[in-house]
Every structure is written in structure tokens, then in C-alpha cells.
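To start, the structure under review is shown below, and the notes come after it.
The values are calculated or read from the model by the stated rules, or taken from the named source; none is laboratory data. All values reported here derive from a predicted model rather than from experimental measurement. So basically every Cβ, Gly included, is an ideal-geometry build from the backbone, and we count neighbours across all protein chains shown.
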Amino acid sequence: MKNKIIFVLSLLFGLMFINAGLNKFFYYMPMPENLPEKMQKAMNAFTEIGWIMPLVGAVEVLGGVLIILPRFRALGALIILPVMVGIVLTNIVQDTSGLPFALVLSAILISIMHQNKEKYLPLLK
């Protein structure tokens with residue numbers, strides 16, 4: 001039962017990041033109309049730089065795919081970790097309306113990493 005719950009959470013988490021990453025290439029989800037001004041300025045800056053959004057999108061897609069695959073879940077979690085930190089910090093600094101959802105995603109990621117902690121131990125030696 002525990003393995004099924006872990007798989008479902010990993011699948012949903014991975015699909016969410018795959019979707020977010022693909023959107024950075026194909027722009028099929030419109031930007032919300034009611035974004036705060038600070039958030040609009042930040043998004044415009046990221047878009048103007050040109051290479052940041054495709055890089056983040058590629059990382060999100062790769063990390064999402066790896067999190068879905070049990071054998072590579074620990075690697076996928078490490079790849080997604082910096083993106084998740086950025087999401088949480090953006091929601092703390094720019095606009096706190098998305099913070100509860102970002103914290104739920106963070107909890108899922110921390111749970112995935114905790115379940116794979118033995119795979120990370122060689123990195124710390």
C-alpha cells in the first residue's frame with residue numbers, strides 16, 4: 001500500500017513538472033490575468049533574458065520524467081530541488097497566494113528525497 005501511494009504521488013508530481021516544463025516551450029497555458037505587478041515584472045525579465053525559461057523548462061521535464069521512474073527517482077528529485085527552491089522563494093518574496101501549493105509540492109519532494117536518503121549518502125562522504 002505504501003509503495004502505491006509513493007508511486008501515485010511521484011507520478012502526479014512528475015506529470016505536474018513535465019506539464020510546467022513543456023509549457024515553457026509551447027505556451028499552451030495562458031498567464032493569469034491578475035498577477036501582481038512585482039510578479040509580472042519578474043516574469044517579463046525572465047522571458048526577456050531568453051535562455052532562462054527554456055533551461056528551467058528542460059530541467060522540469062527531465063526531472064519530472066526521472067521522478068516518475070522508480071529507478072531514477074532519487075536523481076530526479078535532485079534535479080528538481082533547485083527549481084522547487086526557486087518556486088518557494090518566489091512565492092515568499094513576490095506573491096504569497098501560491099505559497100500553500102508550493103509548500104505541498106515541497107513536502108512531496110522532501111518525502112521522495114527522504115525515502116531515497118541511502119542513495120544520497122555517498123554524495124556526503
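Return the only residue of 5, 52 being surrounded by fewer than 18 Cβ atoms within 10 Å (Cβ to Cβ), under 30 Å from residue 115 (Cα atoms), aliphatic (A, V, I, L, M) and modelled with pLDDT under 95. None of the others qualify; the one that does is 5. Within the stretch 63-80, being in contact (Cβ under 8 Å) with a residue 24 or more places away in the chain and farther than 12 Å from residue 116 by Cβ holds for 63, 64, 65, 68, 80.
Restricting 121, 75 to residues that are over 19 Å from residue 62 (Cβ atoms), assigned to a helix (DSSP H, G or I) and among the hydrophobic types (A, V, I, L, M, F, W, C) narrows the list to 121. Screening residue 122 on (1) touching a residue at least 60 places away in the same chain (Cβ under 8 Å); (2) farther than 30 Å from residue 34 by Cα; (3) over 14 Å from the mean Cα position of the chain (by Cα) shows it passes everything except condition (1). Does residue 60 meet the test of being assigned to a helix (DSSP H, G or I) and modelled with pLDDT of 95 or more? It is true that residue 60 is assigned to a helix (DSSP H, G or I) and modelled with pLDDT of 95 or more.
Has the stretch 94-101 got any residue that is modelled with pLDDT under 95 and either touching a Lys or Arg at 6+ places or on another chain (Cβ under 8 Å) or among the charged types (D, E, K, R) (or both)? For the stretch 94-101, residues modelled with pLDDT under 95 and either touching a Lys or Arg at 6+ places or on another chain (Cβ under 8 Å) or among the charged types (D, E, K, R) (or both): present.
Given 46, 26, 17, which one is surrounded by fewer than 16 Cβ atoms within 10 Å (Cβ to Cβ), touching a helix residue (DSSP H, G or I) at 6+ places or on another chain (Cβ under 6 Å) and either over 12 Å from residue 112 (Cα atoms) or without any contact (Cβ under 8 Å) to a residue 40 or more places away in the chain (or both)? Testing whether each residue is surrounded by fewer than 16 Cβ atoms within 10 Å (Cβ to Cβ), touching a helix residue (DSSP H, G or I) at 6+ places or on another chain (Cβ under 6 Å) and either over 12 Å from residue 112 (Cα atoms) or without any contact (Cβ under 8 Å) to a residue 40 or more places away in the chain (or both) leaves just 46. Taking the stretch 27-39 as the range and being within 20 Å of the chain's Cα centre (by Cα) and part of a helix (DSSP H, G or I) as the test, only 39 passes. The sole residue among 85, 65, 61 that is in contact with a Ser or Thr (Cβ under 9 Å, 6 or more places away or on another chain) and surrounded by 12 or more Cβ atoms within 10 Å (Cβ to Cβ) is 85. Here residue 83 meets each of (1) under 12 Å from residue 10 (Cβ atoms); (2) touching an Asp or Glu at 6+ places or on another chain (Cβ under 8 Å) with one exception, condition (1). Contact list please: Cβ distance under 6 Å, first residue in the stretch 102-116 and without any contact (Cβ under 8 Å) to a residue 12 or more places away in the chain, second residue surrounded by fewer than 16 Cβ atoms within 10 Å (Cβ to Cβ) and part of a helix (DSSP H, G or I), pairs at least six apart or on different chains. Pairs found: none.
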